[in-house]
1. Along the charge dipole of the chain, pointing to its positive end and built from +1/-1 on Cβ of Lys, Arg, Asp and Glu, which listed residue (I193, A254, Q500) has its Cα farthest out?
2. Across the stretch 119-271, how many lysine pairs, 8 or more apart or on two chains, come within less than 13 Å at their alpha-carbon atoms?
3. Does a label point 7 Å from the Cα of E216, set along Cα-to-beta-carbon, have any residues of the stretch 263-277 with amide nitrogen under 18 Å, and which are they?
4. Quick one: pull the percent of accessible area on the chain belonging to carbon and sulfur, 1.4 Å probe, ligands and nucleic acids left out.
5. Per residue, how much accessible surface does the chain expose to a 1.4 Å probe? Answer in Å², no decimals.
6. Determine the percent antiparallel among the DSSP beta bridges restricted to the chain, to the nearest 5.
7. Just from its helices, what would the mean residue ellipticity at 222 nm be for the chain, if runs of 4 or more DSSP H residues each count -39500 (n - 2.57) and the sum is divided by every residue, rounded to the nearest 500 deg cm²/dmol?
8. Straight-line reach only, C-alpha to C-alpha below 12 angstrom: list the aspartates and glutamates that K391 could link to, leaving out same-chain residues fewer than 8 apart.
Amino acid sequence: MKKYMKVVKRLILCLLFFSMISFTYAEPKNRVLPMNLNNNVLLKYDISSKFLLKYNILIHKNLTFYKSHKLLVLILIGMFIIMGSLIVLLIMNIEKRKIQEKKIKKFAYYDILTGLPNRTYLNETLKNELEVAKTSGIGGVVFFIDVDNFKILNDTFGHGFGDEILVDIGKRFKELVGEDKFIARLGGDEFIILLKNINDRTVIDNILNEIVSSFEKPFYIEEKEFYLTISIGVTLYPKDGDNLDELLKNADTAMYRAKDSGRARYVYFEKDMNEKSFEKMQMQNKLRNAIENDELVLYYQPKVDLKNNEIIEYEALIRWISPDYGFVPPDRFISIAEESGLISKLGAWVFERACEFSKKINNNSKENIIVSVNVSVVELMNVNYISTIKKILEKIEVNPKSIGIEITETALMESFETNEAILNELIELGIQVSLDDFGTGYSSLNYLKKIPTNILKIDKSFVDDIKNDEIDETIIKAIIEIAHKLNLEVVAEGVETEEQKDKLKEYKCDQIQGYLISKPLPEDDIFREVFSA
Ligand code: C2E
Ligand code: CA
Ligand code: CA
């Protein structure tokens, strides 16, 4: 049987071979004739369908799953491709959204200039921290940092320059407290450093000292060297505030206290600081009525020409005689008037009284006597300042050449360009401009050339040590020489002794003012002296 099968198999193979040959070499017209082969037969004789020629047709063949369900398979593959593409698109979309969310978060939570967390981020972080502190019992500390006199730099060198410094300051903070610590920029020149899980005052003090003294190193912008200082207000949480607003408000109060006590330092918040703020508010309310209630008076202090010992000028100095506080010196209420905006009204009142006094005193004098008033920079920068001055000059009909103003060096530098224009207008009107407290503030010789001023008033602190301190002597001498080279006259303030007067005369100082000549006196006393002379 096997043999028989073998023979049949060979026969079929021969048949196939010949058919292949015949199909291969036959004329094309013959080749188109297909030959039907039964698949069952091929299988039975173990003949592979490989040997089939392409014109052979295999009948009864076992179809593969693909072939029998071709349409279904194709639909499924199509669906898989579509679904796969959808999934890929979805993933890409999620990634894109994540990137966008990151960008939005960056805008919403970070300061664009310095790249530091912003106020929103700080608020959220601090809120969380306060919650954590409530449960853990371990709090932390907030440093409210403000750059001293930043406005001067910004106004003088431009905002682009100021921005570069802010970026550098941010970097310096990071270097100091570490990248991992929370440092935020609140806006402007205000920064916050938040230190978590810390309540050891010695450790905090060390960090604060390090931060403050790190500003002894200069900043370099556009190859220029700059020295800056910072004032820091410190609040501990939860002690100084168990909510965000209170904690930051108190830190801000402490920061202002640091500024008031001389800048370049840190001050911890204390509860009575707020009480003092309340007292300040009360004083503000009382000061509001002081003008109407006739509680303000001007005292006048003479300035003497060292060439002939003649009085050539009087400086008007305000006093408040309050039914509640008694005799209040200007140092105690001028800043309150500035903060509350009362200063413009107060300044106008002072200017009008001084004009009246000048008119009266000049009616009794052959020489022109100048009466000068102290002007706060807040007042000077009021848009109506010049028009108010002009109105009063006209109203009182006083010669502007018999009027002077004194502005402190520090105040002037706070917004140099604006103040420069206003002072120039005053000089054009004929009013004398003096730079007060010279030597105590920030100004370089370079500025001295530009400052619209006729007179430099050397601060009392230099005069005080004229006998004991060689350096102060050298400084005074140098100031006088430079001022004269710049065509400015020099007044020395707070002269109390003959010795000081003699030295100043020797240094060719032009005028002196101080208790040696006279204390500030009420108008009546001045006239009594003038008429008795
Ligand atoms: P200032 O303009 O530097 O005035 C000089 C201050 O030193 C005055 O204090 C004066 O009384 C005092 N003084 C003068 N000579 C001597 C002296 O020989 N020895 C000593 N120990 N002190 C002397 P005062 O009157 O208390 O004024 C303080 C400051 O208040 C002034 O400093 C001025 O900046 C400000 N001020 C006074 N009146 C006004 C005003 O009407 N408006 C504004 N904005 N500020 C004013
Ligand atoms: Ca003055
Ligand atoms: Ca002064």
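The values are calculated or read from the model by the stated rules, or taken from the named source; none is laboratory data. It should be emphasised that the depicted structure is a prediction, and the values quoted were computed from it without experimental measurement. Cβ sites come from the backbone with ideal geometry, for glycine too, and all protein chains shown count toward neighbours. To get the accessible areas, we keep the full protein, side chains included, count just its heavy atoms, and leave off ligands, DNA and RNA. Shrake-Rupley method; radii C 1.70, N 1.55, O 1.52, S 1.80 Å.
1. I193
2. Working: K127/K196; K134/K196; K134/K239; K171/K181; K181/K196; K239/K271; K249/K271.
Qualifying lysine pairs in the stretch 119-271: 7.
3. The answer is 263-266, whose backbone nitrogens lie closer than 18 Å to the label point.
4. On the way: 16630 of 30170 Å².
Answer for the chain is 55 percent, counting heavy atoms of protein chains only.
5. Values: 30170 Å² over 533 residues.
Heavy-atom SASA per residue in the chain reads 57 Å².
6. Details: 39 of 68 bridges.
Looking only at bridges with both residues in the chain, the antiparallel portion is about 55 percent.
7. Numbers: 22 runs with 288 residues, N = 533.
Using -39500 (n - 2.57) per qualifying helix, the result is -17000 deg cm²/dmol.
8. E352
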